[in-house]
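The structure appears right after this line, and notes come after that.
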Amino acid sequence: MTCAPSPAGRAAYDAADWSSAFRNVEEELSDVPLEPARGAIPAELEGTLYRNGPGRLERAGHWVHHPFDGDGMITAVRFSAGRARLRNRFVRTQGWLAEEAAGRFLYRGVFGTRKPGGPLANAFDLRLKNIANTHVVRLGDQLLALWEAAEPHALDPETLETRGLTRLNGLLQPGEAFSAHPRFDPGHHGAPAMVTFGVRTGPRSTIRLMEFATEGPEAGRLLSDRRDSFTGFAFLHDFAITPNWAVFLQNAVAFNPLPFVLGRKGAGQCLRSQPGGRAKFWLIPRDSGAFAGSSPRVLDAPDGFVFHHLNAWEDGDAVVVESIYYSDFPSIGPDQDFRAVNFDLIPEGLLERCRIDLAGGEVSTMRLSERCCEFAMVNPSREGLPSRYAWMAVAERETGNDPLQAIKKLDLVSGERRIWSAAPRGFVSEPLMVPRPGAAGEDDGWVLCLVWNGARRASDLVILDAADLREQAVLELPLAVPHGLHGSWVAAP
């Protein structure tokens, strides 16, 4: 694992190393000390890294059709005084408990997993299994395991024990969607806040935008709550915020539910890019901002498909949004094996900047990088503000689609970049930038990343210097964590 320029040609990786991460997590560990295999844990790194992702991918020889259908498992690494301790727990959802007792799949998955028995056993079974596998965030005295199609599960932040499904003191209705990708306002209006949303889809879709206090005795209190309806079907995983706006991109997709109803496909497989459709930006005024109470703005967006945004900010009468664009909606068909996917046949994600002129209604775009990337973030203190630096997971080669094997720091002004690579046998997940306490600069801190080590067939936690991506420490976990989704950092009080 090195910090060095990457070759321009195809990366030499073994597909068996990449696919070996798709396995069941077979144990739950409690308070296991971790010693660096290389380097030393920075003494100023004080807090907890939480990660969520699928931990159960197979039952009785039957595999999920897509890893996004796997049951959620939380991994927590706590840092204090230059030491680290590990804990992991499955989220005890109703579905997980029932399937553990039965020893087989009892539910269909959104991304194509079917119960044993073929279409007849799956037809007209429209139940959704809340798998709590997408994100994990701290809100007040609760840790929330998030899955965007339903309510969150509340966990104990220390033990990771599942407290149960939470409707946030009656705020949510049974089964109401609650985003798995909240944004954290660093204090644009005086105090930090968690901004999140829920969406009800259909020919006309409704977004519920909510903000919560995150600090002190008020943590978890609802600060604002508004609903806005828009024309068209909404497939939304992420959004972006500025001090005055919540920015959504309505991808131009169509949903045909018939194959799902008949048991032939999962709901997610019924999404298709809409021929002749037009993506839209939906800008919703935040109740804490200067345009509170006014109507949303709707503008045309560029062609392509977006899962994740990097950041957004305001520049006079314009809103600037940086997003990872795909040329088409990437999916795995009913007859494909996700463990043997051909990356050359899947569109790569590329970072682009859109400038939305609110006065004139025009949108211009600029490509920021030609390298396949995902899971990009800025320094948390720059959320919603112009940022100089971004950190992201990228492919090893300069162009084309491959598994994510490196971490990239990109200067968003000059275009200068630095690369830390786990290739050829390592595969990275979402990097988290953690600012140093009392940081003097935007890139003063660390980048934490779980890495699948194909040689060990287990996971490593890598700590990098955020400024130059020099390796600070590598912790070899006594745990095999499959390729995961999102995580968060909670600083020690």
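Sorted from longest to shortest, the spans of the Cα atoms of segment 95-215 along the three principal axes equal 56, 42, 22 Å.
Taking amide H positions as modeled 1.01 Å from N, with prolines and chain starts lacking one, the residues under 5 Å from H65 and 5 or more places away or on another chain are T113, R114.
Modelled this way, with points 7 Å down the Cα-to-C-beta line, the labels at Q173 and L29 are 4.4 nm from one another. For segment 209-299, the residue among P296, Q250, A213 whose Cα projects farthest onto the positive side of the dipole built from Cβ charges is Q250. Footprinting exposure proxy ranking of I284, I332, fewest other C-beta atoms within 10 angstrom first, gives I332, I284. For Cα extents along the principal axes in Å, the value calculated from this model appears in (i) 62, 59, 55; (ii) 82, 49, 48; (iii) 61, 55, 52 under label (iii).
Packing around the peptides 27-38, 241-252, taken as the average count of other Cβ atoms within 10 Å per residue, puts them in this order, highest first: 241-252, 27-38. The distance between label points at E158 and D14 comes to 4.4 nm (points 7 Å beyond Cα on the Cα→Cβ vector).
None of the figures in this text is laboratory data; all of them are computed from the coordinates on show. The structure presented is a predicted model; accordingly, all values stated were derived computationally and were not measured. For neighbour counting, all protein chains shown are included, and Cβ atoms are generated from backbone atoms with ideal geometry for every residue, glycine included.
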